[in-house]
Each structure stands twice: as structure tokens, then as C-alpha cells.
Amino acid sequence: MRIPRPEAVFYPSDYLINARLKKSILSCFELVCPDAPDEAYDTSFKVLDIALSVLEKSSAAYHNVEHTSLVTQCGLDIIEAISLKIGKLNSEDLTSYIAALLCHDIGYVRGICQQDNNHKQIISLDGKFIDLEEYSTDASLTPYHVERGKIFVEERISEFPLINVEKVKKFISETTFPVPDKDSSNESGSFYDFAACVQAADLIGQMGDPKYISKLSKLYLEFKETGAAKMMKISSPVDLKDTYPQFFWSSVYDHIKEHINILEQSPRGKKWITSLYKNVFTRQKSETFSLSAQILFDRMLKLISKAETNFEIFQGLAKGLLEFYDGLIAHVYELDKDEMVLRSKKIWSVKEGNSKIKEFIKESERITFESGHGMPGRCLEFKEPQWHEDFSSLDINTFPRAKLALSVGVKAGIAIPIFTGTNVTAVIEIFSEEKRLPSNEDLSFIRLVTDYVATQFEL
């Protein structure tokens, strides 16, 4: 018997994306909204099927099923990390949030709205249209994709009782770029949270994609078609790659820094941030950052592949960060889980030629730090890097080694937490002979290295 050929081409990648996202959505509901009715699960799965079936038809070079899947996964990871602090969410909010993630870029696809007709596409809620050129791709709808997305949501998913369409449309509006100002007229506060999460997921899900740098050539094709490349004064994919770090720090970072901190509270979230900073780092053009940082990061990768113990990892990490920061002393503390204090792990990296450092080492190995005490203890308390640009101004009762540090030539210092999951399990401190504050680039690279180590090893 002859077996009939399938009517359409089967794309395994699209099928796997759908299956993976269903699994992630299910996991998110179980964690964030465990009491959700079956209707909430079914609704989210149906919207997923609708969205992916539309997006797989996109002719845009970059904005397609894969991009939406990354943004959706990032958005789910963000809301899961937030739920660890604020508790359960209601099923309507979560279902509407997931719908916004899935439909945030659906407006790129032509022919999806009821009033679309061949090359004539609707571009606004008040009925305005645009005529597309015959050989243009769906990227030509970039300036209008947010409004088209809201029209699609109104027409296609308003039938689901658990989805608040007005919320979904507002959440999608936050993915406009340049990033819009917040509307202070909303008094409930909840809109800001979910809208900001969709916005952050759109940016981090894109720029934290491990393959993002290689995909910039596709994004350039879209920019060239829409005229954005000319406005940005770039004439090739290489130009886009070279300007990417500056664009990140000047136009993106301030809008996502709170969600970077949120994602750093979970193991999956750390992987997003590690990948995000790695992408920025690989294109960083500053000589003092990229050259020394590239050497250090390569060293960390080799170390991870060869190290047999955590001691070896910390030893290489202390030495590398000392070089990167151009410091005088680097030292590692580890959390004593029984007494909940930080104790010296007796791992040191020091600049040669200072005999007084021995006294500092001896004292550091003698004392322990409780939460909130000294720079290491403040890392334990606040779970963020801590630093001081001038040790001469410190209170010796709160910072017990301040006087001794000054005697050996230390003028500034930074302490960096190392995490296992959401818990600080070690702290690396670096001391400098110069008064200085760490730059955003310093902090991002330090987080890149330490987060990468934390994701690879049980610390």
C-alpha cells in the first residue's frame, strides 16, 4: 500500500520548541500558581499553539519562532524567581502574562489580522493601513508590529475567559523600543510588575541568547530593510557587532538591571545573565576591559575543564581576578554552614614585594565574619558585591581590618559573593593600592566569571 505524503513540511525544531515550552509553562504553573484550574493550563497551551503556528510563517530574518521561544522562556524564569519572594500569583495574571510573552512580536507576521488583505496590512487600532512592497519581508512591519500584535490579541485570544486582553495589550506595549516611560496613572502597581517583566524578558531573552552574536547578521538584514541601519550609521553586520556593547550599556542596561538581580537568585536565571554578559564582553572594545578580561575568561574556561577540586578553582579565580582588577591582595572566604560565619579558606594571591602583607594574612585567617560584619559579611547579608573606595574613612569597629589594611598600603577593596543556587557560599575579596570604584563593566565581568564558575560546580 502506498503511504501518502504529508501535506506540509515537518520541521522538527518547531515541534521541539512547542514541546519544550509546554513543559516550561507547566513547570511555571506548578511553582507560581499551583492552585490554578485546569482551564488555565489549557488556555496557555492553546495560546502557545496559536502563536507558534503563526510565527512559523514569518519571513523576517530574525524575529521568528526561535526568538519568541527564548523571550518566553526568559519571562517564565523571571516570574519564577520573583515568586520565590512574593509568593503565589493568581491564574488570570499568570495566563495573561504568558499570552503577552508569546504574542509580543506576533505583529511582525503579515496576514494575521482580519483586515489584512494581500499587500495591504492594518497598522493601528483606528484602522490605518500600509501597502507592503511585493518583495519585502515581514521585517518591513517592524515600526507597526506592537500595534498589530495588540490587534491580533483582540481578535484571536479574547475568547479565552482567563485572559485579560487589556492587560495583555498593555504588557505588549512595553516591548516598544526605545523603551517607553512608565504610565504613573496606574495605581494598582501590579501592571508595572508584569509589564516590566515582559519588557525585561524581551531584552534579556534576545541579548542573553547564547547564539545572539552569530544572529546579529540576521538582525542587520532587518535593520537594512527598514532603514534603521542608515539611521544607526551602520553599513554591515560587523558594524552592528562592534556597536553592540555601547548600545547595551547606554540604551538597555538601565531598563533591565533590576531583573538581572532577580534572575541571579536562581540557577537558571544565572545562566541567562552569564550568557548576557558573555555576549557583551566578547564584543567589548575597551582595551583595558577586553584584552585583560579575555585572557582571564579563557583561563577560567581552561581551569574549569581541568580542575579536580573546588580549591583549585578558587585558587585560579583569586589569581585571575587580582590581575584583572590590578590589585594588591586577593583572598577567599568560605561559609561555615554550622556556625553561619565566613572563614578564611586560606587561598591567597598577592602582589610580590610587600613584606607587611604577612601580618594582614595572619589576621584575616584568624577572624571570622558574621552577616553584616565587614565587606565579606555585608556580601553575606545583601548578596551583592560590596566595596569601599577609601579605607581611611572606615570605622575599625565595623571593619576590623581597616587599620591593618592601611598599614600594608591598601586604599580600596571589593568583595564578591559566590552563590550556590540563591545562597552565598563563598566570598572573594580584592584589595587595591589605589582609591577606586568599580565600573559597571568591572562588575559585569566579575559577575560573568563568578556566575560561570557557580553554574559549573557545586560550591
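The values are calculated or read from the model by the stated rules, or taken from the named source; none is laboratory data. Because the structure is predicted, anything quoted here is derived from the model rather than measured. Please note: Cβ atoms are built from the backbone with ideal geometry, for glycine as well, and neighbour counts cover all protein chains shown.
Name every residue in the stretch 258-269 that is under 18 Å from residue 71 (Cβ atoms) and part of a helix (DSSP H, G or I), in order of residue number.
258, 259, 260, 262, 263, 268, 269
Scan the stretch 204-226 for residues that are without any contact (Cβ under 8 Å) to a residue 40 or more places away in the chain and part of a helix (DSSP H, G or I) and report the count.
From the stretch 204-226, those without any contact (Cβ under 8 Å) to a residue 40 or more places away in the chain are 211, 214, 216-217, 220, 223-224; that's our starting set.
Now narrow it down to the ones that are part of a helix (DSSP H, G or I): 214, 216-217, 220, 223-224.
Number of matching residues: 6.
Return the residues of the stretch 230-242 that are closer than 20 Å to residue 280 by Cα and either of a type in the set (A, V, I, L, M, F, W, C) or in contact with a Cys (Cβ under 7 Å, 6 or more places away or on another chain) (or both); say none if nothing qualifies.
232, 234, 238, 240
Can you confirm whether the stretch 351-369 contains a residue that is polar (S, T, N, Q) and closer than 28 Å to residue 271 by Cα? Steps first, please.
Taking the stretch 351-369 and keeping what is polar (S, T, N, Q), we get 354-355, 364, 368.
Okay, now just the ones that are also closer than 28 Å to residue 271 by Cα, so none.
No, the stretch 351-369 contains no residue that is polar (S, T, N, Q) and closer than 28 Å to residue 271 by Cα.
How many residues, within the stretch 53-82, are under 23 Å from the mean Cα position of the chain (by Cα) and part of a helix (DSSP H, G or I)?
18
Tell me the residue from 139, 201, 229, 195 that is crowded, with 20+ Cβ neighbours inside 10 Å, assigned to a helix (DSSP H, G or I), at pLDDT 95 or above and not β-branched (Val, Ile, Thr), please. Break it down into steps so the answer makes sense when it comes.
Details: 139 fails: at pLDDT 95 or above; 229 fails: at pLDDT 95 or above; 195 fails: at pLDDT 95 or above.
The match here is 201.
Could you check residue 94 against (1) in a helix (DSSP H, G or I); (2) touching a residue at least 40 places away in the same chain (Cβ under 8 Å); (3) surrounded by fewer than 24 Cβ atoms within 10 Å (Cβ to Cβ) and say which number it fails?
All conditions pass for residue 94, except number (3).
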